[in-house]
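**Q** Okay, here's the structure, questions in a sec.
Since every read-out is calculated from the coordinates, none of them should be taken as a lab result. Just so you know, these numbers come straight off a predicted model, no measurement behind them. Because the Cβ atoms are built from the backbone with ideal geometry, glycine has one as well, and the counts that use them run over all protein chains shown.
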Amino acid sequence: MEFSFLYAIPRTSVLDSFFLVVTKIAGSYGQLWVIVAAVLLVFKKTRKAGVAVLLAYAAVFLIGQFGLKNLVSRPRPCQIDLDFALLVDRPSSSSFPSTHSAWAFGAATAVFMQHKKSGIAAFIAAALIAFSRMYLFLHFPTDVLAGIVLGIALGMLANWITGRIWKTADQRKNAAGA
């Protein structure tokens, strides 16, 4: 059934070019979100969101990239159907979960929880990145769905941790000034 979904995705030269750009912007290890976090860290108004994005990124790296991918060790669609014409190099890593989707949705969730309008834009970018993984025949739909769920959960956790850090820092600052 998952292969049927992947094969049913309409592919054109315009979409090929578009989703190649999307996946290149995201980076091989979701570096886009590290850059987003760095930009957010520069400004006091968005610094808390920047910390949350970095925490979510690190959590996805540890839990998704190093943990679940090695634990589940599911082959990618392009590693099973070797006849499908790929637009990118065939990855050697496992498929489950899609850490690109997890990084994207983790960052989008972290941003959205603190800055709604920017978060909506981040969710749109995240959705495009997640879909690009299926379009490029690199992940099954369930890999992407698991990545989305993992990313949202870790984005929420990162936001909660960041909130605790800020609250503790504020309490210490207030106590020192009292």
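**Q** What ranking do 84-96, 54-66, 23-35 get when scored by the average of other Cβ atoms within 10 Å per residue, highest first?
**A** 54-66, 23-35, 84-96
**Q** A further question follows. Through the Karplus equation 6.51 cos²θ - 1.76 cosθ + 1.60, θ set to phi - 60°, convert the phi angles of segment 74-84 into ³J(HN,Hα) values in whole Hz; use x for Gly and Pro.
**A** After applying 6.51 cos²θ - 1.76 cosθ + 1.60, I find 7, x, 7, x, 6, 8, 9, 9, 6, 8, 5 Hz.
**Q** Continuing with the same structure: Apply the Karplus parameterisation 6.51 cos²θ - 1.76 cosθ + 1.60, with θ equal to phi minus 60°, to every residue of segment 148-154 and state each ³J(HN,Hα) to the nearest whole Hz, in sequence, with x for glycine and proline.
**A** 4, 5, 4, x, 4, 4, 6
**Q** Here's something else I'd like to know. Return one number: the angle in degrees, 0 to 90 and rounded to the nearest 10, between the long axis of the Cα atoms of helix 31-42 and the longest principal axis of the Cα atoms of the chain.
**A** 20
**Q** In whole Hz, with x marking every Gly and Pro, tabulate ³J(HN,Hα) for segment 122-131 from phi via Karplus 6.51 cos²θ - 1.76 cosθ + 1.60, θ = phi - 60°.
**A** 5, 5, 5, 4, 4, 5, 5, 5, 4, 5
**Q** Follow-up. The list (1) 34, 16, 12; (2) 38, 17, 16; (3) 29, 25, 11 gives values of semi-axes √(5λ) of the Cα gyration tensor in Å, and only one came from this structure; which label was calculated from it?
**A** (1)
**Q** Another question, then. On a 0 to 90 degree scale, rounded to 10, what angle separates helix 47-59 from the longest Cα axis of the chain?
**A** The answer is roughly 50 degrees.
**Q** In degrees from 0 to 90, rounded to the nearest 10, what is the angle of the helix 13-26 Cα long axis to the longest principal axis of the chain?
**A** So the helix axis and the longest Cα principal axis differ by about 40 degrees.
**Q** Continuing with this model, one more query. Sorting check: for 152-158, 68-74, which peptide has the highest mean count of neighbouring beta carbons within 10 Å, and how do the rest follow?
**A** Highest-to-lowest ranking by the protection proxy: 152-158, 68-74.
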